[in-house]
Amino acid sequence: GGGGGGGGGDRSDAWNDEEETDSYDWTFTTPYRGSVSVDVDGHVDGHVDGNPPPWTDTDRRVDRGLLMERDPILFFDELTLYESELDDNGLMSVTVKVRVMPRCWYVLMRHWMRVDGVLIRLRETRFFHRVHPAGGSSTSDSPCVVVRESARREETFEGLRMRGAPSEPGQYPDADEAASVLLAAGGPVEMEYHALTV
């Protein structure tokens with residue numbers, strides 16, 4: 001498993017640049033982890049230089065406890081950005097799920113790919129914002145902080161078989177099932193944690 005967390009410089013752009021983006025990839029794998037944009041006047045909540053604020057390394061994490069509480073869900077949607085059967089060699093999809101609750105909002109962007117008999121790839125980016133800081137109330141002086149957690153998992157079917165994990169393509173019918181099995185199998189994962197403060 002990889003690190004992340006505080007200290008060091010901002011590696012968020014370096015992580016995206018690790019992959020060759022000029023060559024054709026028949027599996028449609030993407031390093032994309034979301035982006036921040038500015039309005040036509042170059043503003044992002046007080047940033048006037050025409051550039052969005054940077055993602056920086058952080059020790060903050062998505063508050064999964066808050067997400068599991070029984071707060072009402074004010075808005076939920078799931079969108080498939082694209083999907084493919086990889087010329088009958090497997091499946092892949094890129095989806096986005098959005099959930100808004102009274103005390104937070106959460107976005108999960110997931111790229112999932114299964115090349116039958118070869119490998120499974122799962123890339124997840126989670127965005128989280130607590131509307132009011134824990135134990136406090138929001139004030140105009142309180143910065144807005146968005147946490148971004150990025151995870152990369154990739155396993156060969158042979159590697160799964162050697163560890164005693166499910167190793168038949170049919171045991172990974174969709175992204176949710178693949179995520180559950182890969183998490184339970186405890187295989188390698190690269191993690192990065194960033195925060196955006198505006």
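The values are calculated or read from the model by the stated rules, or taken from the named source; none is laboratory data. These numbers were taken from a predicted model, which means no experiment stands behind them. Note: ideal-geometry Cβ built from the backbone for every residue, glycine included; neighbour counts use all protein chains shown. Side chains included, ligands, DNA and RNA excluded: accessible areas come from the protein's heavy atoms. Shrake-Rupley method; radii C 1.70, N 1.55, O 1.52, S 1.80 Å.
Just a few scattered comments:
- Note on the range 83-101: residues that are open to solvent by less than 80 Å² (accessible area, probe 1.4 Å) and not hydrophobic (A, V, I, L, M, F, W, C) amount to 7.
- Residues that are buried (at least 19 other Cβ atoms within 10 Å of the Cβ) and under 16 Å from the mean Cα position of the chain (by Cα) within the range 102-120 comprise Tyr106, Leu108, Met109, Arg110, His111, Trp112, Met113, listed in sequence order.
- Test result for Asp88, more than 22 Å from His194 (Cα to Cα) and at pLDDT below 70: no
Here's the yes/no breakdown for (1) farther than 27 Å from Leu81 by Cα; (2) buried (at least 16 other Cβ atoms within 10 Å of the Cβ):
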| residue | (1), (2) |
| --- | --- |
| Glu124 | no, yes |
| Pro143 | yes, no |
| Val147 | no, yes |
| Glu155 | no, yes |
| Glu158 | yes, no |
| Gln171 | no, no |
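- Flag for Glu190 being modelled with pLDDT of 90 or more and open to solvent by 60 Å² or more (accessible area, probe 1.4 Å): yes
- Some residue of the range 174-182 being in contact with a Pro (Cβ under 9 Å, 6 or more places away or on another chain) and either closer than 20 Å to Leu67 by Cβ or crowded, with 16+ Cβ neighbours inside 10 Å (or both): yes
- Top-ranked residue of the range 60-79 - restricted to ones that are more than 16 Å from Met109 (Cβ to Cβ), touching a strand residue (DSSP E or B) at 6+ places or on another chain (Cβ under 8 Å) and among the aliphatic types (A, V, I, L, M), ranked as most open to solvent (accessible area, probe 1.4 Å): Leu74
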